[in-house]
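All remarks here apply to the structure that follows.
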Amino acid sequence: MAVHESSNLIAVIGGKGGVGKSVFAANLAAAFLKEMKAKTLLIDCDPKSCGDQNFITGIRPNKTVMDLAQFPGAITQQSVDTLVTGHPSGLSYIGAVLGPDQVFNVQVDLLRKQLYALSQFYKYIVIDLGSELEAVQLGVIEDATAIVVVTTPEVLVVNQTRRLMNEMMAASVPGDFLQIVLNKVNRSGLDQNAISQSLRRPILSMIPQDDATAVAALQRSTPFVFGTPQSPMSAAYHEVVRKLTGGVLQKLKSANKPKLTAVAKPAISGSTGQPAGGSGLPSMLDPKGGRKGRKRDVSPLTLLKMQVHDGLIKEMNLKSDLMKIEGDPAKARELKSKTQMVISQLTDRLSPGLTRDDRSRVIKETLDEALGLGALEELLADPTVTEIMVNGCDMIYIEKSGKLTLSPVTFTSNQQLRNVIERIVSPLGRRIDERTPYVDARLPDGSRVNAIIEPLAIDGPAVTIRKFPAERITYKDYVERFGSMTQPMMDFLKVCVEQGLNIVISGGTGSGKTTLLNVMSSFIPSNERIVTVEDAAELQLKQDHVVRLETRPANLEGTGEVSIRDLIRNSLRMRPDRIVVGECRDGAALDMLAAMNTGHDGSMTTVHANTPREAVSRLETLCLMAGMDLPAKAIREQIAGAVNLIVQISRMSDGSRKILHITEVVGMQGDAVTLQEVFRFKEEGFDKNRKIIGQFQATGLIPTFIEEFEQKGVMVPRNLFMTSEQSAKKPTVSAGPKPPSIPRIGVPTPKKTGTGGNGGTP
């Protein structure tokens, strides 16, 4: 958010305390008012000022910057008069605080919004920012037309000023916006040429030192531009104003506007689109400027990012620097600051005419590719994006609300994408190269990553990221937010988990099997020992007594691989009460069934299948992959004896996810596994927004294990399994004694005294 196009915001900042930047800001505002005869506003935004500007100007402000930021109404001419305090000269003023006892505390976003509104009423706004870069200062600097950096001809001050300028340039402030003013100039100070060379910027103006005039002005609490207008110091301030308004401000304001030709790009020879001299474009581009087999338009900004990244590689050894971090946050911050500074300098050197927005974008994206995850950083930070699919450097699809769309962000090149993949897998002790061109990994937040590179991926590296939600999904979300099931269905699943039924979650790719497994695992009692086995650790169980195991790929010699099967067999020796396997996709299914049949009741896993019947067939096929040469009937008996419940989840055509079936595995009938559906989702059509309409139904069949629950004292209401027709036919009591209340699911029913009755069973 910038200031109004008719206004100019000049931010004044000092390289070190004591350089006189507060006095400079007050007198600069006074000089603008007198020289330009235009409405001028002075704002004190120095968090450590303690009301210095109040004393310098002799104005006791009615309102402060904090009042401005929190002002609830619209900024109009009438409200401006209540927010600002006037000086007899006509200068308007807003203070930082009313006095030394008040604490400066302001929200930068609200302040920037109000500054824009104020800028419609003032031609010039001078803001005193202090000497440190904090959130408020950076926010104002981002909107400033020009930044005046006040320094003095002293070695220590110049050194501190250089540090401050480097920090601002690292924060994406273009060097052209920094205007150096040399204050308190005297014969014994450093030479201005030496200062300019040290700061790498020309000196805009010099203010002579005149202690007598400055002290007298402070004693009178009147800026000397007003009190002693004929003094050399006052004349120097008028010279600063003339230099700024004589072309500097106009040039900087135009630099904020987008330019189609702002980016310096390599010369293009002929009509082939190839850079002159055969350099400048990466090898992944064909002579027509696009990737082989696909047309690609390389924008000038992308070309600039390539050049900046090449320069960064020459100036820094990023691989070595990243290895030295070793998980130290302080070292990571230091490396990021150093890298950002180098990128800023390279950007200014390669494209000095770049607009501020484009410059910030180039610096951010190059920094992300150098130290972070490149184009993925922006997508990972977006909470509405649930899945990211990278098909080469220039084609990134994302999933939002179950729908796929093409994202506008891209990587600079396939090599940068390869670097990002290696940055993901290296901390996990995994590798990806020509010998092992695909890998499963995870991000620090638990998001699942699959990557595959050339030569298997023909059009460049392909990366698929299944994002882990920032806010943990709970069972209430399935009922209230997503409408994936009803509360009775969730209560039924909860009691099944608590009572130790072996459950298989079935569904297609992206249907939400792992998320549902994570939610159902939360129902496991906290006093039980749980062992989780996964390819890439995604489950985040809330219980304390959890052992998480993760597979390991083979090393460079092809040895050392640890598979799901190995971990399941090892987990049996770890005295688990429950074994939770992320997914059965090979012969590990046989070991999982064996564990379920040998005392580890309450174990859970997921499989890929479209229906509960297909899930049984899928388990049978996976068991055959174990290489044990078992007869099909024996495998089916294992499945029938081990699995109690199959939960079928599916992603619907409108992007929503529903629990389509909750099915009990009853046993064997002949050579076939017998299934009994308990709950189902009946689809009935679409609404006007093409959202699926349907209802969850009970089938009327009561699971066989309900009697076992009742024998343990856990009562499940039988009417939970009634169909709507059965519920409608149930007789109502119009008179007589009140019928017994139905106990809640999972709550033991107290024994009924006396003789007869059914023990409280509904």
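Taken together, the values in this text are just the output of simple stated rules run on the coordinates, not laboratory data. This structure is a prediction, so every number in the text was calculated from the model and none was measured. Backbone-built Cβ (ideal geometry, glycine too); neighbour counts: all protein chains shown.
Quick notes on this one:
- Under 20 Å from the GLN120 label point (7 Å along Cα→beta-carbon), backbone N, the stretch 71-99: 71-85, 92-94
- Counting DSSP beta bridges with both ends in the stretch 516-608, the antiparallel % (nearest 5): 10
- Between the Cα long axis of helix 632-642 and the first principal axis of the chain there is an angle of about 70°, rounded to the nearest 10.
- Oblate is the label for the stretch 107-240, because the ratio a/c of its alpha-carbon gyration tensor axes (a ≥ b ≥ c) is 1.5 or higher and a/b is not greater than b/c.
- Modelled label positions at PHE705 and LYS682, each set 7 Å beyond Cα in the direction of Cβ, lie 2.7 nm from each other.
- Each of MET628 and SER426 was given a label point 7 Å from its Cα along the Cα-to-Cβ line. The distance between the two points is 4.3 nm.
- You can think of it this way: the chain between GLU498 and SER221 has 92.1 nm of extra reach, that is 0.36 nm per residue less the Cα-Cα gap.
- C-alpha center-to-center spacing [the stretch 424-467, the stretch 539-607] in angstrom: 22
- Taking a sphere under 13 Å around the Cβ of GLY95 and counting the other residues whose Cβ falls inside, with K and R at +1 and D and E at -1, yields a net charge of -3.
- Against the chain, whose longest principal axis is taken from its Cα atoms, helix 155-170 shows a tilt of about 40°.
- Between ARG573 and GLU434, the contour length at 0.36 nm per residue exceeds the alpha carbon distance by 46.4 nm.
- Within the stretch 475-711, antiparallel bridges make up roughly 55 percent of the DSSP beta bridges whose residues both belong there.
- Computed FRET value (nearest 0.05) for LYS39 with ASN186, which takes r as the C-beta separation and R₀ as 30 Å: 0.30
- 37 °C / 0.692 mPa s Stokes-Einstein diffusion coefficient of the chain, Kirkwood radius on C-alpha pairs, µm²/s: 103
- Its relative contact order, with pairs defined as Cα atoms under 8 Å and 6+ residues apart, puts the stretch 475-711 at 19 percent.
- Point-to-point label distance, GLN695-VAL155, nm (Cα→Cβ direction, 7 Å offset): 8.8
- For ALA212, net neighbour charge (Lys/Arg +1, Asp/Glu -1) across residues whose Cβ lies under 15 Å away: 0
- In the stretch 8-253, taking the dipole from charged Cβ atoms about the Cα centre, the farthest positive-side position among LEU118, GLY17, ASN193 is held by ASN193.
- DSSP-defined antiparallel bridges as percent of all bridges, the chain, nearest 5: 55
- From its DSSP helices (H runs of at least four residues, each -39,500 (n - 2.57)), the chain gives a residue-normalised ellipticity at 222 nm of -10500 deg cm²/dmol.
- For the listed residue pairs LYS16/LYS324; LYS184/LYS336; LYS21/LYS243; LYS476/LYS688; LYS319/LYS467; LYS63/LYS251, the alpha carbons are over 29 angstrom apart in LYS16/LYS324; LYS184/LYS336; LYS63/LYS251.
- Degrees, to the nearest 10: 487-498 long Cα axis against longest axis of the chain: 70
- Pairs beyond 21 Å (Cα-Cα), from LYS305/LYS403; LYS338/LYS364; LYS34/LYS123: LYS305/LYS403
- Within the shell defined by Cβ-Cβ distances under 14 Å, the residues around VAL241 carry a net charge of +3, with Lys and Arg each +1 and Asp and Glu each -1.
- Each residue of the stretch 446-456 is assigned a 3J(HN,Hα), and the resulting list reads x, 4, 8, 10, 10, 9, 9, 10, 4, x, 6 Hz, derived from the Karplus form 6.51 cos²θ - 1.76 cosθ + 1.60 (θ = phi - 60°), x at Gly and Pro.
- Applying 0.36 nm per residue to the separation of SER254 and VAL562 and subtracting their alpha-carbon distance, the gain on full extension is 104.8 nm.
- For the stretch 110-152 and the stretch 647-714, distance of Cα centres in Å: 62
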